[in-house]
Every structure is written in C-alpha cells, then in structure tokens.
Amino acid sequence: VDFRALIDEFRFSRVLNSNPQTKQISLLGTIKGQDAIVTLEKTHFQFDKVVNNPNSSTLSLHQCESEYSCMNSIQTLKPIANNDIYFWGMSVMKQDLELNPTAKINLIWPATQVHIEKYDKQLCHMVRETPEIYKRIVKPYVDDMVNNGRLQWVQNILYNGAESDRVVFKYFDQESPKDGFVVLPDMKWDGVNMDALYLVAIVHRDDIKSLRDLRPEHQQWLIDMKNKIRSVVPSCYNYLVPADQLRLFIHYQPSYYHFHIHIVNVRHSGLGDGIAVGKAHLIEDVIENLNYMGPEGYMNRTMTYVIGENHHLWKNGLEQELEQQLKDDGIPEPPEITNDFE
Ligand code: M7G
C-alpha cells in the first residue's frame, strides 16, 4: 500500500487532540470507509554543531554549515512588533524533504477502537493498582491484548523483516536465543533530529508482557541489555549522543504488552505523558528495585499510574476501584459544583 495514496484518500471526521507544546495534532477520519488516525507533528530545528569524537581523532560534523540549520534557513521575515530591545516576527524557512522536512506524519489505518481511545482527548486520573487488582482486572485485559493481533508489528520486526533496513543493531546469541533483542528507530522519531533521538529495544522473549512480570531472576538480563544499549547506540550515531545522555525507560501501563525499552535523548522532553512520572520507569530504577521486592518481583507491588477515561481498564474496573480507594483513604468527595451562569 502506498502511504501517499492513503493520505490523499483521508476523509476528515474530527480532531482527536492537539497540543501546542509538542506541536502535534491528531485527526480522526476514514480511508476507504475504515477508521484512520493521522497525527501531524512539526519537526524541531537543526543547528550547527561540531562534535569532538572522544573515541577517535576525527571530528563529527552535525549539520555543520548546512543551509538548513536554523539561522541559515530563514528565507523571509515579517516583523510583528518591537519595543525597546525586543523584536519579534514570523518567518518562512527553507525546507527540504530529506534534510529539513516540515512535519512528520503518522497514519494508523485501519485504526481499532483501542487506537482511537488512546489518541482521543480525555480526562486522566491517578489510580493505584494493587497485586489483587492486577490479577482480577488487568491480567485478563493483558491476555486479550496479547492475543488480538495488536502485536503484529512486533512479530513483523522480530521475524518478518519489517523495518529491517532501519534496524540500528541486533543482539543475538546462539547459546541463549531468548536473550536477543533488536534496537530500531521508534515510530515517534523523525530519524533526522538527534535532539529528539528516540529508539526502541524490542526483546525476543515473549514471556514478559510488562513491568509486572519482572522478577529478580531477570535482573542480570536487564543489566546486560542496558549496558549493551548504552555501549552500542552512541557508536551508531557517531557519538553525537553519549551513553550517559540516553534516558532508558519502560512504560506502565504500556500500549503494547511485549517487553520493550524506550531509548531517548535526555534533551528530548517534548513527549507529553510518555516521559512523565505515573507512566515512565527508568530502567536503572527498575533494576535496583528488583533487589528489594522478593522472589515475585513487581507482581507483589502496588503500582500507581495515570489512566485516561477512555482506557478499557478505566471503564472496566479501575474507575470503581478508585472510588472505593478514595473512600478507604478517607478523602472527602468534592462538593456539588453548580454553574452560576446557567
Ligand atoms: P508503549 O510504551 O507500549 O506505548 O511503547 P506508547 O509509548 O505508544 O504509549 C511502544 C513504542 O513502540 C512506542 O514508543 C511506539 O511509538 C513504538 N511503536 C509502535 N508501533 C506500532 C511501532 C512500529 O510499527 N514501528 C516502530 N519502529 N515503533 C513502533
């Protein structure tokens, strides 16, 4: 299927969400009668930078003297106003599909209800997931999400050669095949801007659905994987991002229940909730926590996280649990709010 042709066929229905900070907008529509979600994201600026390569005598040039670096690319400039020492105005900048694209476009088609609910604007709540709530409410949902075809893209990467030309590196040891993993650019990254570097490491083993399944016996495996990622990723990008400038974390709840690690440039903070407390857990902290959790690991912990009202888990149990928890905690219900203007 041709991406461009699909985009041209998009029929707009409504705006799902828009965020002026991340410069993203998500639209719901249809393509050939099936639901489609298009997310548009303005790309970040590029700037000249000469980097000293610590491991060799060579210098790496990062967009050096490029006509597309932020200042060089200013084509037209229309002043809005000025006052004392302050000047502001709007400009059109030189763009290029390869070197300085305008926007990144993501399409999900055909989109499922789960996708639409995820991208739709929604109120969020902090909930506490006890081990008991996990077993009763969350586990059945996870099992369903593993078996309903939602992980096809992961299978495609691991076994069907999808995105193979983009793989940054693969680790595979004949002796212990289940320790293997693949690192590749995340769908969230434009692949150009190093400040926004975003990779994902996907493991071969499929017995770990999420953070919940991690036990002390997995600690060494996590340590090895973390160290390999921190060793190899910088060398793959010419040391433009050194080992200690990579933020490695996992999500709870994730969107996809096959263990994977997010690998992001520490400078990158424009990811909305994906990098916030209540969702992101640093891999180093996870490794450390396994020292103190007993043989069941994360299975015995109470996890607190942010959940949106559209999420299946909210509508199918967590909302009720939260009501009860607030009661048990003695937290008063908010007073009835009346709107004086009506
Ligand atoms: P998550 O924590 O399960 O979900 O991470 P969330 O961050 O989307 O809430 C899954 C990660 O895999 C996300 O960072 C996605 O952007 C990324 N991802 C998802 N899909 C479907 C693909 C894909 O097909 N290819 C690649 N390269 N990355 C993907």
TODO: Look through region 189-211, keep the residues that are within 16 Å of the chain's Cα centre (by Cα) and farther than 16 Å from Leu246 by Cα, and return whichever of them is surrounded by the most Cβ atoms within 10 Å (Cβ to Cβ).
DONE: Ser210
Open item on the list: So in region 85-120, with the set limited to residues that are hydrophobic (A, V, I, L, M, F, W, C), assigned to a strand (DSSP E or B) and in contact (Cβ under 8 Å) with a residue 12 or more places away in the chain, which one is nearest to Met71 (Cα to Cα)?
Closed with: Met93
Open item on the list: Restricting to region 214-270, name every residue that is at pLDDT below 95, at negative phi and aromatic (Phe, Trp, Tyr).
Closed with: Tyr237
- [ ] Among the residues of region 268-320, write down those that are in contact with a Phe, Trp or Tyr (Cβ under 8 Å, 6 or more places away or on another chain) and hydroxyl-bearing (Ser, Thr, Tyr).
- [x] Tyr305
TODO: Would you be able to say whether some residue in region 239-246 is within 16 Å of the ligand (Cβ to nearest atom) and either assigned to a helix (DSSP H, G or I) or over 15 Å from Val183 (Cα atoms) (or both)?
DONE: no
- [ ] Look at region 254-272 and say how many of its residues are near the ligand (Cβ under 8 Å from one of its atoms) and closer than 22 Å to Val127 by Cα.
- [x] 4
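The values are calculated or read from the model by the stated rules, or taken from the named source; none is laboratory data. Just so it is clear, the model here is predicted, and its values are computed rather than measured. Please note: Cβ atoms are built from the backbone with ideal geometry, for glycine as well, and neighbour counts cover all protein chains shown.
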